[in-house]
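Peer 1: I'd like to ask you about the structure that follows.
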Ligand code: NDP
Ligand code: MG
């Protein structure tokens with residue numbers, strides 16, 4: 001029997017995926033890398049496969065299958081392509097934990113398959129819980145599957161809760177760096193460029209989450225993610241801007257005591273904790289020094305200027321597929337912004353217009369999530385054409 005933990009990394013060519021590989025590389029006796037997957041970056045997937053020798057690789061873009069297959073022809077590695085393969089590959093008996101590091105709605109279906117197959121989930125792909133939190137948490141409960149957060153704020157909350165299982169949460173505070181436009185007025189935001197939006201002050205991440213961080217949509221998505229991960233009501237979740245990104249989030253208990261988790265901003269730590277929980281393995285990551293940070297500051301987010309955060313609270317109260325529609329609109333709008341088809345402020349305008357016009361399916365089935373996603377994408381594209 002294999003005593004190592006079998007790991008599948010969905011989205012190994014991305015920011016989280018590559019950092020996860022660095023973590024796995026540090027503990028060869030602890031992890032057994034089983035699966036790597038990429039969207040379009042065949043070159044990096046091939047390089048990773050040759051270096052780490054997983055059991056299987058998947059390239060989602062089927063037109064790149066032959067390229068990957070040819071490059072790995074003399075390796076003992078299964079090569080697959082397409083969306084269906086992504087779902088099947090996580091079901092392998094050798095896989096214990098699936099790290100979902102795909103970006104966006106694409107993460108939903110493989111995550112459902114992984115849960116159905118009883119795999120532990122290390123969840124980076126927050127959109128999965130935003131889109132279908134109700135369905136995912138119900139399914140995970142039915143299957144007895146644990147979902148461990150990778151997102152740094154949720155990892156912080158999770159770390160604060162270790163040993164507190166009998167003690168209810170009164171409230172949580174998710175910290176936000178505020179992004180590159182912290183303190184900007186609505187007028188100042190009218191003329192910000194793509195290059196400015198892509199410059200996050202504290203974290204280096206994929207393009208989509210970087211734009212979401214600049215628009216505070218990321219914090220909105222995280223509020224919804226926290227609701228599902230920790231079973232909270234809207235009024236138990238608050239957001240506080242903390243530009244230094246040292247306090248990664250806080251929990252307040254019913255006696256008024258607050259616990260925070262702190263450290264230098266480095267995603268490898270929450271990735272590792274999600275993969276090794278309940279163990280903490282030693283690292284040589286740089287340590288936090290108080291004297292380098294004589295001031296840790298906190299301020300309220302500006303929800304009038306950064307409307308996406310308000311929208312997230314709104315869809316949480318609407319329930320059903322409202323958050324799914326918001327997520328779909330945002331994916332389309334961010335993509336259009338990345339292609340410089342719309343301005344920064346138009347992202348939130350499109351999101352708001354789509355949420356206002358979307359039908360809301362309550363207690364949705366999987367098919368209704370798919371439909372809500374599709375309708376919201378169509379509406380967002382129509383609005384972008386007119387913009
Ligand atoms: P990246 O854009 O860097 O990576 C995304 C990965 O998903 C890549 O491997 C990409 O493949 C793959 N991918 C993208 N679209 C598809 C698709 N349609 N089908 C199959 N594969 C696809 O994103 P990040 O690593 O930054 O983020 C991943 C997730 O983690 C997101 O949900 C994000 O919100 C979350 N997260 C990220 C953090 C970070 O620090 N980066 C922090 C907290 C959460 P390829 O490049 O080969 O096309
Ligand atoms: Mg985060």
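Read the figures in this text as sums done on the coordinates, not as results from a lab. Since the model is a prediction, treat every value here as computed from it, not as a measurement. Because the Cβ atoms are built from the backbone with ideal geometry, glycine has one as well, and the counts that use them run over all protein chains shown.
Peer 1: Among the DSSP beta bridges whose two residues both lie in the chain, what percent are antiparallel, rounded to the nearest 5?
Peer 2: 30
Peer 1: Got the relative contact order for the chain handy, in percent, Cα pairs under 8 Å and 6 or more residues apart?
Peer 2: Here the relative contact order equals 14 percent.
Peer 1: Next question. Taking the convex hull of the Cα atoms, report for the stretch 151-317 its projected area averaged over all directions, in nm².
Peer 2: Reported value for the Cα convex hull: 10.7 nm².
Peer 1: Still on this model: Could you tell me how far the Cα centroid of the stretch 12-30 sits from the Cα centroid of the stretch 220-258, in Å?
Peer 2: Computed from Cα coordinates, the inter-centre distance equals 27 Å.
Peer 1: Looking at the chain as a GNM with Cα springs under 10 Å, which of 176, 323, 197 has the largest mean-square fluctuation?
Peer 2: Of 176, 323, 197, the Gaussian network model singles out 197 as fluctuating most.
Peer 1: Picking from 72, 86, 221, which is most flexible by a Gaussian network model of the chain using Cα springs under 10 Å?
Peer 2: 72
Peer 1: Further question: Report the semi-axes of the equivalent ellipsoid for the stretch 5-149 in whole Å, largest first, where each axis is √(5λ) for an eigenvalue λ of the Cα gyration tensor.
Peer 2: 24, 16, 13
Peer 1: What number do you get for the stretch 171-225 when its Cα radius of gyration is normalised by 2.2 N^0.38 Å, N = residues?
Peer 2: Normalised by 2.2 N^0.38 Å, the Cα Rg of the stretch 171-225 equals 1.14.
Peer 1: What list do you get for 154, 53, 113 if you sort them by fewest beta carbons within 10 Å?
Peer 2: Lowest count first: 53, 113, 154.
Peer 1: For the residues 15, 365, 3, what sequence is obtained by ranking on other C-beta atoms within 10 Å, fewest first?
Peer 2: 3, 365, 15
Peer 1: Let me have the relative contact order for the stretch 319-387, percent, based on Cα pairs under 8 Å that are six or more residues apart.
Peer 2: Relative contact order, the stretch 319-387: 49 percent.
Peer 1: Let me ask something else. Looking at the stretch 115-269, send over the antiparallel percent of its DSSP beta bridges, to the nearest 5.
Peer 2: 55
Peer 1: In Å, the Kirkwood hydrodynamic radius of the stretch 232-387 over pairs of distinct alpha carbons?
Peer 2: Evaluated on the stretch 232-387, it is 18.7 Å.
Peer 1: Order by neighbour count: 155, 92, 12, fewest other Cβ atoms within 10 Å first, most last.
Peer 2: So the ranking, lowest neighbour count to highest, is 92, 155, 12.
Peer 1: Now for a different question. Can you divide the C-alpha Rg of the chain by 2.2 N^0.38 Å and report the result to two decimal places?
Peer 2: Working it through for the chain, the quotient is 0.96.
Peer 1: Under 10 Å, Cα contacts only: if you run a Gaussian network model on the chain, which one of 69, 119, 219 comes out with the highest mean-square fluctuation?
Peer 2: Maximum fluctuation in the GNM of the chain, among the listed residues, is at 69.
Peer 1: In whole angstrom, how far apart do the alpha carbon centroids of the stretch 52-100 and the stretch 315-387 sit?
Peer 2: 31
Peer 1: Across bins of 10 angstrom width beginning at 0, how are the C-alpha pair distances of the stretch 320-387 distributed, in whole percent?
Peer 2: Answer for the stretch 320-387: a P(r) of 26, 52, 19, 3 percent.
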